[in-house]
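Right, one structure below, let's go through it.
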Amino acid sequence: QVQVVESGGGLVQPGGSLRLSCAASGSFFSIEDMRWYRQAPGKQRELVASIAAGGRPNYADLVKGRFTISRDNAKNSVYLQMNSLKPEDTAVYYCNADVKERIWSRVLGSWGQGTQVTVSS
């Protein structure tokens, strides 16, 4: 089993910053790509940022220049530094990790429960 847990969400004013953390634990061979998604009320879940095992990042256009994704492979963790937050960033943020099994070498997508980010004055 693999557990993925997010933390760091909260209430922040427009222009403020938050840092989200996500840690994976359990039994697995390795973690490949890791991603942050978000889902606002009444909207579909959307990809915010991703980072490969080697550290190569990618960002959605709406967050480029404001958000930074990083990871610590020794801790099986991924982070999302969010600066210059806007009300439209309000959403539940989910961590997703591509986890490779110890047996069969299959890659399974593992999701956390999400952490609420609210940007409001």
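The values are calculated or read from the model by the stated rules, or taken from the named source; none is laboratory data. The model shown is predicted, which means the values in this text are computed figures rather than measured ones. Using ideal geometry, Cβ is built from the backbone for each residue, glycine included, and neighbour counts are taken over all protein chains shown. Protein only, heavy atoms only, side chains kept; ligands, DNA and RNA dropped before computing areas. Shrake-Rupley method; radii C 1.70, N 1.55, O 1.52, S 1.80 Å.
How many lysine pairs in the chain, separated by 8 or more positions in sequence or lying on different chains, have Cα atoms less than 23 Å apart?
Total qualifying Lys-Lys pairs in the chain comes to 4.
Could you order Thr90, Thr68 so the one with the most accessible surface comes first? Probe is 1.4 Å.
Order by accessible area, largest first: Thr68, Thr90.
Counting Lys and Arg as +1 and Asp and Glu as -1, what is the net charge of the other residues whose Cβ lies under 15 Å from the Cβ of Val78?
The answer is +1.
Carbon and sulfur atoms: what percent of the 1.4 Å accessible area of the chain do they account for?
That share works out to 48 percent.
Hey, how many Å between the Cα centroid of region 45-101 and the Cα centroid of region 1-16?
Their Cα centres are 11 Å away from one another.
Once fully extended, how much extra length lies between Ala53 and Gln3, figured as 0.36 nm per residue of separation less the alpha-carbon to alpha-carbon distance?
16.2 nm
Using alpha-carbon pairs under 8 Å, 6+ residues apart, how would you state the relative contact order of region 37-121 in percent?
24 percent
Compute the Rg/Rh shape ratio of the chain: radius of gyration over Kirkwood radius, all on alpha-carbon atoms.
Rg/Rh: 0.98.
Name the most mobile residue of Lys86, Lys64, Lys43, meaning the one with the largest mean-square fluctuation, in a Gaussian network model of the chain with Cα contacts below 10 Å.
Among Lys86, Lys64, Lys43, the largest mean-square fluctuation in the Gaussian network model of the chain belongs to Lys43.
Could you give the accessible area per residue of region 44-121, probe 1.4 Å, as a whole number in Å²?
Dividing the accessible area of region 44-121 by its residue count gives 56 Å².
So which residue, out of Arg106, Arg35, Arg56, gets the largest mean-square fluctuation from a GNM of the chain using Cα contacts under 10 Å as springs?
Evaluated over the chain, the most mobile residue of the options is Arg106.
Could you size up the charge dipole of the chain around its Cα centre, putting +1 on the beta carbon of Lys and Arg and -1 on that of Asp and Glu, and report it in debye to the nearest 20?
80 debye
Give me the number: length gained by fully extending Glu88 to Lys100, i.e. 0.36 nm times residue separation minus the C-alpha to C-alpha distance, one decimal in nm.
Stretched out fully, the Glu88 to Lys100 stretch lengthens by 0.9 nm.
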